[in-house]
Every structure is written in C-alpha cells, then in structure tokens.
Amino acid sequence: MNGRAVEAAPGELLIDVAERAGTYIPRFCYHPRMEPVGVCRMCLVEVEGPRGSTLQPACYQRVNDGMVVTTDSPKAKKAQEGVLEFLLANHPLDCPVCDKGGECPLQDQTLTHGPGETRFVEEKRHFVKPIAIGPLVLLDRERCIQCARCTRFAAEVAGDTEIAFAGRGDLIEVAPSPEHPFTSVFSGNTVQICPVGALTATPYRFAARPWDLDQVESTCTQCAVGCRLAVQSSGDRLTRVVGVDSDPVNHGWLCDKGRFTLDAVDGHEGLSDPLDPRARVTSPLVRRDGALVETTWGEALARAAEVLTAAREVAGGVGLVGGAALTNESAYAWARVAREVLGTEHVDAQYGDGLDPRRVLALPGATIDDACAARVVLTLCGDPREELPVLFLRLRGALLRPGRDLVELAVGPSALHALATVSIPVRPGDAHRVVDALLDEGRAPADLALDDDARERARRLLGDGEGVVVVAGRTNLAEDPAVVERALTRLAEALPRARFLVALRRGNVRGAIDAGLAPGLRPGRVLAAGGRDTPAQLAALREGAQRAVLVLGDLVGNVLDRPGAEAALERADVVVVTGHGGATLAHADVVLPAAVQHERTGTVTNLEGRVTAVVPKVVAPGAAWPDVAIAAELARALGTDLAMDSVVDAARDYESATGYPALSALLDATSEGRVAGSPSAPVARRPLDPMAFPGIRSAEWVGLGESAGNVAELAATAAPPLAAVTLADLGPAPVPEVPGRDAYGFALRIAPRLYDHGVAVTGSPPLAALVSPAAARLHPSDLDRLGLDTGGRLLVRGAGREIELSVERDAGVPRGVLEVAFGALTDTGEGVNALGDPGAVLTQVKVEAR
Amino acid sequence: MSHLRVDLRQRAEELVALYPRPRSAMLALLHLIQEQDGYVSPEGIDEVAELTGTTPADVRGTASFYDMFHLEPVGRYVVGVCTNIACLFAGGEELLAHASRRLDCAVGSTTDDGLFTLEETECLADCGHAPCVTVNHRYVRTTTPEAFDAMIEEVRQGRRDHEIPDHGTLVRVRRNGGLRVPDEVIVAERAAAKAARARRLEGAG
Amino acid sequence: MAVLDAPRIVTSRLALEDSHTLARYLATGGYEALRKALSMHPEQVAAEVDQASLLGRGGAGFPAGRKWSMLRPSEVAYLVVNGDESEPATFKDHLLVERDPHQLVEGVIIAAYALQVNRAFIYLRGEFALGLERVQAALNEAYDHGALGRDIFGSGFSLDVVVHPGAGAYICGEETALLEGLEGKRGFPRIKPPFFPAVQGLYGEPTVVNNVETMSNLPWILLHGGAAFAALGAGRSTGTRLFALAGRVNRPGVYEVEMVKNTFRDLIYDPALGGGVPGDRPVKAFIPGGVSAPWFGPDQLDLPLGQDEVAGQGSMLGSGSVVVFDDRSCAVRAAWRITKFFSRESCGQCTPCREGSGWIERAMYRLEHGGGRVEDLDLLLDLCDNIAPGLTWPPQQTTICVLGSSIPSSVHAAIEMFKDEFLAHVEKQGCPFD
Ligand SMILES: Cc1cc2nc3c(=O)[nH]c(=O)nc-3n(C[C@H](O)[C@H](O)[C@H](O)COP(=O)(O)O)c2cc1C
Ligand code: SF4
Ligand code: FES
C-alpha cells in the first residue's frame, strides 16, 4: 500500500486494513457494523489488476496476497475529490442551521479536501424540509447523500424495513410508507449513523451545538443489556445520548428508550407533586400530619433511623425491597445495611417479576457473544425486542448467519419468531411440561398439543446441549416463576453442555443479585438462609408479621398486585429512597432523594455478568445524594459505620471482600468490562470508525480519558475468587402444581413492553407519546371463534375483576391465551394488571365479546 | 380481507407460485394492483407486502423505482410521447407540445375529466415509427399531430377500447397452468433425465 | 452496394401475418431444431454454439458459447433472457418478441438443454404489453405441444419458463440489475466481482443471461450447424445481425444484414436498407451502437459492421442501433437529450452517476437553451473525466456499472467533434438550429 508492505488477513476489507496501517480513506456509505455496499464511491483507490490499475472502492474490496494499492495517487485523489464535489453539488450547505454542523463528516471532508469554491451554477434540487418520518425522526431530503446507511440499518440490522429508498436516480429519497410511519424502537440509530444532517432526532433538534457539548462514556441502565453509550450535556442539561461501539455488547446500537429518556433525568420544571412519576424528588421529605413535607437530611435520616430501629427490635420486623436499577456499589452498600445494620435477610431487588436469583446464578452462564456463536439458540423468554432490545439485534444478526438454528419455545409474539427453525407454542403453566416432553422419549401429553415433527426436530437440534445456548427469562408476569425455573433446571440437567443467558430485564438486576440484594444470597454470590422475597414481604406486612420496609425505587408501579402492595404499605412504616416521584410515595413516612442514571458513579453488571462503569454527566438536582452516601449515612444514623464514604470505598470493599470486579471495572471506565467470575481479561478497545460515532471528538478514539475524574489514579486490588453457586447446592426445583384448565376460558399472559408506564417513559414526553393503549391480543383462530377482529371489544374477567378491552389479532399468541401488556391502562384509566391473580400458578380469564 | 378482487387475488397467488421466492412476483403483482385500482394504491401496497413477505415501505420503495408504476391516481388513459434521440430527430418534442395543447394538460398531469394523463417518456423501442406514442402501453403509431388528434378522438369515444385496455399491462397475459415445480421434483427429474439420456445415446451410438 | 444474399436467420417469418402462432411456426420448420438438439449430448449442443462464435447481441458482445462454459457447476442454475430492450433507438428485440415469439422460445429451450438448467425466465420490458401477451401465448402453446414442461418430446428433459414483466427502468437491462428486478427488488446493479451472474446470479445461484436476439439465433444454428453460421461474417463477428436504424434516414427500421460484409454506408444508403438521408443531406455524424457509444463522423461511414472493427476505432457496435445525424441535427441538443436520458435512468446508487448525470444534463440544457458560457466546455469535460477517468474507450469506471461510464460518451464526442457548434450556442445564447 502506497509502496509499503502491510500485513492483513485474507478477505479483510481494504478500508479497514488501510486504517490499521494509519491511512484513513475517506468514506460515507461504509459502516463497520453493516455489510459494505460500495455505493457512495468516496473511498475509491487505485488497485493494480491484470489489466492495469483500476479505481476500486476500498470499502468493498477484499485484500489478497500481493495486492498493490495506491490510496494517494493523483488518479485516486481526483476521483475522491470528484465524488465530493458531486455530493456537494445539490447539497443545501445550510450548515449554520443544521444540527449536524460541527460534527458532520461531509463538512469535515469538505473542509479538508473539498474545493474552496463551487463550480455548480445550476438550480439545486429542492424538497420540503424537514418532514417527520416517524415520531422521533425528521428527514431533510435536501441534505441526504443517498448513502443508504439508514435504510440498510432498518433492513439489515433491525430487520423491520419501515424505511426504504423510494424513487430513482437523483430523486431517491428515504421514505416510510405513508400509512406506516417509522416507529421502530431502533429509529434513533439511523440518526446516529447518518453521515450528514439529513436525519435528525426530534428531541435533540436545535438543542445544542456540538462544540458546546461535553461527554462521558457510560453504560445504559434502562435494561440489562448494558449498552455502552456516550452521554452528552450542554451546561447542566443532558442533551443527547449516542451509542458507543462495544464489541461484546451493543456494536454501537441503542434502543430509543435508552437514547431518548433524558427528560426523566432532567426533570420537569414546576412539577412538585412527589406522587407524579414525571417529577424528580429533590429534597428529603417526611410525613407530617398526613402530608409529605420537605425537610433537612438530618431530620429525615433521624426519622428513618427511628422507624427502622423500632422495627428491627421485632424478629423479622424489617425488610428491604427494590434496588435493581442502582449501581453495584449502591446495591452492595444497601445489602450491607440490610444484613449488618438492620439485621435482616428479607432483602429482594426484584419486585416479584424475576426468577429465583439463586437459580439464575447456578445455571452455567453464557455471554451475549456465546449466544451469538451458538449452533443452536433455545429461547424461553419474552419478546427480546420489547424487553432487551439490543440483545434482540445481536441475536438476530447471529441467527441470520448460515448454520444457525433457533428453537423457540413460543410463549407469545416475538420479533425473533421469523428466524425460528422450530417454534413450539407454549401456554402459560406449560413450559416445564413442554420441556419434559422435548427431552423425554415417548408420547407427549395430549393436552400440550405438541407437533410431533417439531418436537423431533427440536430434540435433534438440541442434542446433548453442545453448542446450545438457552436464552431464558420470565415469560409471563401472571404465572408462577416456578414454571420457568423448573423448566430451566430440567434443561440444565438434561443438557449438561448447554449454557444459559438469563435475560432478566431490569437495568442492574444481575448486579443487585450479585451484590446480595436477594433473598438467600449474601454479597458476592454466597448462599445464605432464605429470606422473604417481595411478595412474601408484602404478605408479611399485610399480616403484621413485618413492621417496616425500606423501598429502593417505585414499588407500587412495578408489582402485579398493586392493591395488595398498597394495603401492605398502608399498614407499614415505609422509608423510600428514590430519585423519581411515583405512587409509592403516597405511603412513605420518609423519602430520601437519590441521584439517578447519568448522575452517579459506579459500576453495573449486565445480563451476562459483565461489569462496566457508569459515569456521571450532570449533577443530581437539589439535595439528592448518591445512594452509597445515603446508605452510609443511614447506617451511621442507625449506629454503624460502614466505612464507605465514597463509591470508590464501596467498590474497593466489595472487590476485596468478595472478589467481585467492581473496583477494577470502575477504574477502567472505558473498558468493555469484565465478566464477573470469569477469568477472561478485559477486552481491549478497538478504534472506532469516526463515521459510526458522530460526536464532539468524532475523529478521535472514543474513550473516557481525563473525564474519569479522581477514580482514575487508584489501583485495583488483588481480590479472592468469586464464590460460585451450583444447581447441586440448591436441590431439585419444585414442580409447580398447575390447576386444571377451564375449556371455555383463556390463560392470561402479562408481558412487559418497551414503552411502558415506568418513569423512564412517563418522564420523557417523546417516549410517553408512544405508549400503546391497553389491548387484548389473541390468536386469530380464537378471535374468529369469538367472532371478533382487530378493533373489536371484549369483556375480560379475571381475579375477580372485569375489564373491557379492544382486541388485536396476533398469530404469535398461542391458542387459548389472552395477552396484555404489563401496566397498560384502558381508556378509562383501569390497569390491566388487575386481571392477574397474584400467587396463582396461572391466571385463567373468562371473556365475552361485546 | 383481500383488497384485490377474488379473480385477481387468485391470479396474484398464481404469480407468487411461479417463482422460487415469493418476492420475485413483486413487479407482476404491482401490475395487477394497477389493473384493479388504476394506480399502486396504499391498500394494494399492503396486500403486495403480505403476498411477498415484505413491508409496505419496501413495496412502495420498489414500486417507485419503476416508471410504469403510479403511486398517485392517473387518468384512464396514460398517453406517452417519446422525445428520446430517434424521436427527437423526428419531431417528438413538437408532438409532445402539441399533445399538451390538444389535451389541455401539462406534461406529467391529468386532464380535468380524469380521462388522460400525459407523460414524456424515454425510448419505447419503436423508433421505426418515430415519434412514438403509446396509450396504456399500446403502440398507436400516430406520428403526426393530425393522426394524434384523430386517435384521441377515437379513444375518447371508446372506439379503441378493444386494442387499448385499461391499466395493467398483464390484463391479457394468461398463463395455462405450469405452476412452480418444487426443487425436489427438479432434482429427481434431472437424475432420471441424465440416466435416460445415457441409455438413449448409448442405444443410438 | 450492400451484400444482401445472406440467409435470413432470425427474420425469416417476420413478414407473415400470423408469424406469432404455433401453427405458422410449425409450418415453417419450427421446433425441428429443438428435436435435433434433444437428440444430441448437451455438450454437443453447446459446442455447436461455441463454434458458431455467436457474439451476444445485448450490447457487450461476449461470445455466448464462452459465457455458457463459465457457468459455475451447481445443482440449481438458471437461464435468464434479457428482453428489457431500453437502449434508446434500439428496437430489434421488440420485433422478435411480437412477431416470432416461438423462435425465441425454441432458442430458450435449446439453451436450457445445453446448459442443463430446468428453469428459465424471460424478462421483457413492461412496456411490451403485446410482446408479453405473445410470448406468454407462445409458451402456453409450447407447453401444450410438449415442447415445454415435463419430459420434453419424450427426451426426459424438463423445463419451465416464466415471463417476467419489467416496469419501466432502463437500468434493468444491465444484467445484474435485471436479476434484482427478477428478485422483485429495486433495479440496483450488483458489484462485479463478486456478482458475476455465471458465479452468483439469480438467488445467488449460477445464471446465464442472454439477449433475446442471441437466443433467437439458436434454432438456425442448431439446424444448420455452428460452422454454417461461422461461415457468415468474418473474424469474430459471425452470422447476421439485426441493426436498428433510426434518425435522419428515409427508411428507419430493423434490418438483418451479414456482419462485416457490409458497412455503415451500406446500412444507411442502400435502397433496400436505410435508403439514404431525407433531402439527400449530408451525414454529419452517427451513433454506431446505442447512445452509450461514442459517436462517429462521416469518415467512419465505410467502416465494416463488425464488432472488432468498430471497437478498433474507439466506439462499439453495442446494441446494434444506429442513429444518423444530418447537417441540420443539433449536436448539443442530441447530447443534452442523451444525458437527460441517463440522468433520468441512473439507478442512483453511485454518486458520480447520480449527481454527475444531473449536473451535466443541466449544464447542457443551459447551453442549448441560452445561458451557456465558454468555460462550460472545460467544466463539462472535467465532469466527464470525474465520471470516467481519462475519457478513454473502453471507459474507466468510478461506478458500479457501466451506465455511469457511458454518460460521458456523447458529451465528450459532441465537444470533441463539434466544438464550434458549442461556441455558436454560447455566442447566440441559444440554439443556432432553431
Ligand atoms: C446500462 C445497461 C443497459 C443494458 N440494457 C440491455 C438491454 O436492454 N438488453 C440487453 O439484452 N442487454 C442489455 N445490456 C447488456 C446486458 O448487461 C448483458 O450484457 C446482456 O444482456 C447479455 O446478453 P448477450 O450476451 O446475449 O448480449 C445492458 C447493459 C448495460 C450496462
Ligand atoms: S453507475 Fe449509475 S446506474 Fe450504474 S450502478 Fe451506479 S448509479 Fe446505478
Ligand atoms: S463506496 Fe466505499 S465508503 Fe462508500
């Protein structure tokens, strides 16, 4: 290359090889995470061939031995400059009013290589600008350079071709079908990878200029995938989040929830009602004469200590719930507060929507990469696109490769369904029996209605589990988790070589479990005598067996049995630690305001056990403190000094006491993390394609560097190995007792959706607008039987409640199942959760067409 | 519910079955939508997406690549006048200007009565009869303004309907059976044919 | 005078009223060639075609026999016939599909047999409404006649043929764009390599793409032998060829003439062919092979109608369409109109083609309609050079397919040959021919 010898693996792309060798070849359409298409022709270089040298696109050309390439010859330069001039010919050059101005590859290229003056004197192409192609994305067609990055992303990566090229030649434009706007949950990625200002995000429009932005690299805590991202702010306002390309995790992509939930952090001016989930809690509150009033930290801590001290006098009198959205350090600090200060084992980060945490840890673990490399993926989980969106992207990309198979235990509609080699419908309450039928020879029970051929094919694909990764999660919030737990245990026993990626969904649920915010587990995955989980604590509170509860976050809005929870809290002494307002505060005696995402330092652990840093970008509002500080001060008020005055103290303590790599990950804030309990070294960062990362330092390597603040100078400690939990330690999983089915009824499935009623969505108006109204989804044949079609009305009776819902036809719902979205509200404001029977193995509902 | 009429829906399914992959029937299906709706209607797009296993955005994007597909309603008769090189030399531009005056409609638009849409076309491969004029993709070979006017009059009175059907180039294309043969059959046939040929040629030789 | 004693290979039936029917086809020796082919080894059939040196009639002029031999061995392979005929002033395939569809179908079956493929597709441009009807009707008749379908004429060979309607996109004549259209997609040409159809064609399987006229030659070649075909013409350019003659001639039309034995002058002036220029005006220039080809001047009128002969002079025989300019044809207007065509038909993938064609078209329009500047000439040449570096023939490419590099042909030729005319346009601020 340019007269120098360069080493490369055969088949590598010339553009990548050149970049490694220090030669940057200009480009627009090439994106390192998508198949090259070689259309913009910006990357033309001279390649010697049998018939002399020709111009070839470096992004498409694969290298081979002895290839002779010139990237800087007059011919190559002229071709590149020619392409740039052509791109600019019809470009509006409205950089001063363009969101992309200052971080625009086209602008950068033009400034470095472009002509000073235009030779184009003709009338430019004109379009109406900008037009909304979806709720979150605007398109300015005049600025588009037809690189097809966005349309390829939609088709190739997201698999939901909601936008495509329309027209031909120089009239090509990116377009959705007018009747079907661009509502993909991944739409923001197209804005990020657009190399010009053609696609802009509605929430970011005119919000800032890139040179005013400051950024840190961090980890998203909206779900358990833990996408790496850069958080940008202008002054003390968060302005934008962009995906960072992490090789083992998110490949640069984000879902729109993680990307656009900034208002929920920034809060809303003028909202001071602490019960409003859109409000931030900015000062300590205590209940006085029945009302919550602002107070000082001193008084609030004293009141909390008073309440909790009284309760801890009684055996089993106090417990802690919540904390799956905190950092590892906070979770660890709270776990110590619970165990060492409050003296309780009744600790549970999950709000009754997860799986037995000990079984989660005991299943042989797999990383996302393992799942993507697996010969066979078996899914027994909700729709990953709704629950863990970027995991869906990764799995989709992997399953499209030849020789990969997906065996789907289809509990409901899933975006992965289209890729399944074998799909076996599973009704609520049946998962463990279906798994038994898959693994055992002999006839399957007739009531499971298994297709023999599918069962046979699935069994053959699973083999002894070699090369199989099971992606497992809570499949139905109206079903006893024991059903899935039993199924998973059976799979682990029968397929000893299979590994499991447990896809629990809350932001740092895995980290919370590891840190000991779970019944039966002490920090660092140490088994302990069982305590009460959340439903058990709520029951104990209702019965008076437990007096007080320390709530981390919003309990009421996150449990299935909201009336039950409210009744429990009504009787109890309640201390709430939270950053957001919400219904739980109606029952609080003391509220301690906490910092939330993008305001705190620490580490989080994703679903595969990978520990990465979260880094604050803005200061928490008002008097809000980081959780670690709250935990330490509360402990002090209760008479114990935990010696954790900072996040670093907590991380160091955690790492040295348990072997959990919290401190190491914290210190290495820009690394791609360490998988807890796995000996593998942290993954080295790779240089990023500047085009894949528009940002204030777009042409540099992406990293945290100096912004890491004072943590950077500390050294990692030598830690003992992390404890390991095995299934053998736990004994056999109990077999749930499934009640007989009512032939005329339906089994209820309640499944979470991405745009839900949680604070991240309700607090961010652009996302709140996307929440769909409550609806009952049924299999087409069931709807036909009821004589209904999409839009029809259905009266549903369950758990003693009656709710009228409109129906939707959905072939992904198994026959005999009625599905609703967790937390959805009807037009009259009723919550569908009420249909679920808490504590039952499965909920059966009766329906009546309206 | 199918948006296509029952008979067209059946033809659509036959078209899909002709190809190894359903998407291949895309262009033919879009012609069919035009045959029914006169243009590529939104409902038609949804149905083609369903038939081909694609999305509406994809169907619309594909349709819009091809000049013969109209994404907006057009007149009952689409009149095309070619002005490409051979027709240019034969007065195509002048004939197009004449047509525009005569129909009282700008190039690219539709007459007020909804009867005619006038288009300037690229070469229609009938340059022996330049300048070339088509109505609903039937060559009418009227190369002079006078002949053009007479033709328009006849069309208006419905006297050319036997040779100029409504939209949909495939209106009169009918296939007798011969639907797609599965791969397995083809593989088996190939093996059998090879053996038979060997025997036959051996016997002959 | 032109040499017109060569046999009519593909046009023998065109004058007959019912030439498109099976009855007429059978009455005139139809499907005899197929029966003969089926009695031979497939390799022998291919060998006959190879011996004929049948150059592809679609534009690139690649020998059909060679192309067939390059087909990657595979269980599934396809034959695709290119009937997209959209190169301006090309209208020969139009005649063949409307007037002798059975000849095409027979050619397709012969080729499929030689290639041992069991599925073929005939891609016809959508504007050929009558052609689509006729070819489909011919296929229906062929099925009924036992010439298509299972076990053709008892030979054990089976073949299905599907007519695929295009929908108005010139680029779908480019073979890889055509395959995209056949797969139901936007007609975006594929990058070669790796997407050489013979290696990775339709649905990723090996595929032979041949032109309608190429296919229509096969029955004759099989009946009379490859050697008889090769005996016509000279050098690599064997047999006869259809020339579509248009522009300023008395008798525009499609003529079948023996290759090399005749010249452009014969084609334009022979009374049985073009019959000269109206009003006996002088030929100022002519396009020898479709609008993608660089133009020729009167000096080249005596060049033989042979592929290598034309290539040797820096142009191409291309799709066999010849457009004649007389002294009243405006070169600027012609080059502008051709560029407008390319600009409208560019698929839009490659920046130089998409943006370059539009820019050149607008600059040329300005020159033709007033507003031209002297510096536009250098600008135009430089833009052309940015699309096809060096402005050589065959052109160098900055684009995926050769539509891009065809854009400069006419503009470059016009400026080279008729610079004065351009300057006159600038001077007059309008067209001097108006
Ligand atoms: C822009 C472009 C347009 C073309 N149009 C046609 C066409 O309309 N018909 C055709 O047969 N070949 C056309 N070709 C040539 C085909 O790509 C291909 O070479 C030809 O179909 C091969 O058939 P043959 O070998 O029998 O000539 C075109 C090529 C290009 C680059
Ligand atoms: S050169 Fe033009 S027509 Fe060919 S692929 Fe590129 S943009 Fe499309
Ligand atoms: S063609 Fe290589 S980057 Fe676009």
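Consider the stretch C:66-109 and keep the residues that are open to solvent by 10 Å² or more (accessible area, probe 1.4 Å) and in a helix (DSSP H, G or I). The one that is nearest to C:Phe325 (Cα to Cα) is C:Leu95. Counting residues in the stretch C:220-243 that are buried (at least 17 other Cβ atoms within 10 Å of the Cβ), more than 16 Å from ligand 2 (Cβ to nearest atom) and within 14 Å of chain B (Cβ to nearest Cβ) gives one or more.
If the condition is being assigned to a loop (DSSP other than H, G, I, E, B) and more than 7 Å from every other protein chain (Cβ to nearest Cβ), then the stretch B:20-45 contributes B:Gly38, B:Tyr39, B:Val40, B:Ser41. Sort out which residues of the stretch C:124-169 are under 20 Å from B:Ala191 (Cβ atoms) and not in a loop (DSSP other than H, G, I, E, B), and write them in order of number. Scanning the stretch C:124-169 gives C:Gly149, C:Ile152, C:Phe153, C:Gly154, C:Leu159, C:Asp160. For the stretch B:48-63, the criterion of being at pLDDT 95 or above and touching a His at 6+ places or on another chain (Cβ under 7 Å) is met by at least one residue. Pairs linking a residue in the stretch C:91-102 that is of a type in the set (A, V, I, L, M) to a residue that is part of a helix (DSSP H, G or I) and open to solvent by 10 Å² or more (accessible area, probe 1.4 Å), with Cβ atoms under 9 Å and 6 or more positions apart or on different chains, are C:Leu95/B:Gly128; C:Val97/C:Leu130; C:Val97/C:Arg134. The set of residues from the stretch C:46-61 being under 17 Å from C:Ser216 (Cβ atoms) and within 6 Å of ligand 1 (Cβ to nearest atom) comprises C:Gly56, C:Arg57, C:Gly58, C:Gly59. Against the criterion of being open to solvent by 10 Å² or more (accessible area, probe 1.4 Å) and at pLDDT 95 or above, C:Arg190 qualifies. Of B:Arg141, B:Arg160, all but one fail to be of a type in the set (Lys, Arg), under 22 Å from the mean Cα position of the chain (by Cα), more than 29 Å from C:Ala120 (Cβ to Cβ) and exposed (fewer than 15 other Cβ atoms within 10 Å of the Cβ); the exception is B:Arg141. For the subset of the stretch A:10-35 comprising residues that are hydroxyl-bearing (Ser, Thr, Tyr) and open to solvent by less than 50 Å² (accessible area, probe 1.4 Å), which member is modelled with the highest pLDDT? Restricting to residues being hydroxyl-bearing (Ser, Thr, Tyr) and open to solvent by less than 50 Å² (accessible area, probe 1.4 Å), the top hit is A:Tyr30.
Results for (1) surrounded by fewer than 24 Cβ atoms within 10 Å (Cβ to Cβ); (2) closer than 30 Å to A:Pro752 by Cα, shown as yes or no for each residue.
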residue	(1), (2)
A:Phe206	yes, no
A:Pro210	yes, no
A:Asp214	yes, no
A:Cys220	no, yes
A:Ala224	no, yes
A:Val231	no, yes
A:Gly235	yes, no
A:Leu238	yes, yes
A:Val241	no, yes
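Give the residue, chosen from B:Phe65, B:Phe89, that is without any contact (Cβ under 8 Å) to a residue 12 or more places away in the chain, open to solvent by less than 50 Å² (accessible area, probe 1.4 Å) and either under 30 Å from C:Cys330 (Cα atoms) or of a type outside the set (S, T, N, Q) (or both). Going through B:Phe65, B:Phe89 in turn, the sole match is B:Phe65. Within the stretch C:332-364, the set of residues being of a type in the set (Val, Ile, Thr), within 16 Å of ligand 1 (Cβ to nearest atom) and more than 7 Å from every other protein chain (Cβ to nearest Cβ) comprises just one member, C:Thr339.
Out of (1) buried (at least 23 other Cβ atoms within 10 Å of the Cβ); (2) within 12 Å of chain B (Cβ to nearest Cβ); (3) not acidic (Asp, Glu), the odd one out for C:Val277 is which? Unmet for C:Val277, out of (1) buried (at least 23 other Cβ atoms within 10 Å of the Cβ); (2) within 12 Å of chain B (Cβ to nearest Cβ); (3) not acidic (Asp, Glu): (1).
When the stretch C:166-200 is filtered for residues that are among the polar types (S, T, N, Q) and within 9 Å of ligand 1 (Cβ to nearest atom), only C:Thr176 remains.
Does the stretch C:281-293 include one or more residues that are open to solvent by 20 Å² or more (accessible area, probe 1.4 Å), out of contact with any Ser or Thr (no Cβ under 6 Å at 6 or more places or on another chain) and assigned to a loop (DSSP other than H, G, I, E, B)? Yes; the residues of the stretch C:281-293 include at least one that is open to solvent by 20 Å² or more (accessible area, probe 1.4 Å), out of contact with any Ser or Thr (no Cβ under 6 Å at 6 or more places or on another chain) and assigned to a loop (DSSP other than H, G, I, E, B). Number of residues in the stretch C:333-384 that are free of Cβ contacts under 8 Å to residues at least 60 places away in the same chain and away from ligand 2 (no atom under 16 Å from the Cβ): the value is 20.
Listed by position, the strands (runs of 3 or more DSSP E) enclosed by the stretch A:36-151 that each have at least 1 residues that are farther than 26 Å from A:Phe165 by Cβ, open to solvent by 40 Å² or more (accessible area, probe 1.4 Å) and within 13 Å of another protein chain (Cβ to nearest Cβ) are A:52-57. Within the stretch A:351-377, the residues that satisfy the criterion of being open to solvent by less than 30 Å² (accessible area, probe 1.4 Å) and under 13 Å from A:Glu485 (Cβ atoms) are A:Gly354, A:Leu355, A:Pro357, A:Arg359, A:Val360, A:Leu361, A:Ala362, A:Leu363.
Being over 15 Å from the mean Cα position of the chain (by Cα) and within 24 Å of A:Arg237 (Cα to Cα): is that true of A:Val618 here? Yes, satisfied. Does C:Gly187 fit the bill of being more than 16 Å from ligand 2 (Cβ to nearest atom) and assigned by TED's automatic domain parsing to the domain that holds C:Met70? No; evaluated as a whole, the condition is false for this residue. Per the listing C:Cys401, C:Cys431, the residue uniquely within 19 Å of C:Ser343 (Cα to Cα) and either modelled with pLDDT of 95 or more or away from ligand 3 (no atom under 16 Å from the Cβ) (or both) is C:Cys401. Just so you know, in the stretch A:152-195 the residues that are acidic (Asp, Glu) and within 22 Å of A:Asn250 (Cα to Cα) include one that is farthest from the other protein chains (Cβ to nearest Cβ), and it is A:Glu156. Here the strands (runs of 3 or more DSSP E) wholly within the stretch A:758-830 that include at least 1 residues being closer than 23 Å to A:His417 by Cβ are A:775-778, A:801-809, A:817-821. Restricting attention to the stretch C:169-187, which residues are within 7 Å of another protein chain (Cβ to nearest Cβ) and surrounded by 24 or more Cβ atoms within 10 Å (Cβ to Cβ)? The answer is C:Ala169, C:Tyr170, C:Gly181, C:Leu182, C:Gly184, C:Arg186, C:Gly187. Restricting to the stretch A:481-520, what's the tally of residues that are closer than 22 Å to A:Ala821 by Cβ, in contact with a Pro (Cβ under 8 Å, 6 or more places away or on another chain) and at pLDDT 95 or above? Qualifying residue count, the stretch A:481-520: 1. With respect to (1) within 12 Å of chain C (Cβ to nearest Cβ); (2) in a loop (DSSP other than H, G, I, E, B), the lone exception for A:Ala5 is condition (1). Residue count for the stretch C:229-273 satisfying the condition of being in contact (Cβ under 8 Å) with a residue 24 or more places away in the chain, aliphatic (A, V, I, L, M) and not in a loop (DSSP other than H, G, I, E, B): 10.
The values are calculated or read from the model by the stated rules, or taken from the named source; none is laboratory data. Everything numeric in this text was worked out from a predicted model, so none of it was measured. For neighbour counting, all protein chains shown are included, and Cβ atoms are generated from backbone atoms with ideal geometry for every residue, glycine included. To get the accessible areas, we keep the full protein, side chains included, count just its heavy atoms, and leave off ligands, DNA and RNA. Shrake-Rupley method; radii C 1.70, N 1.55, O 1.52, S 1.80 Å.
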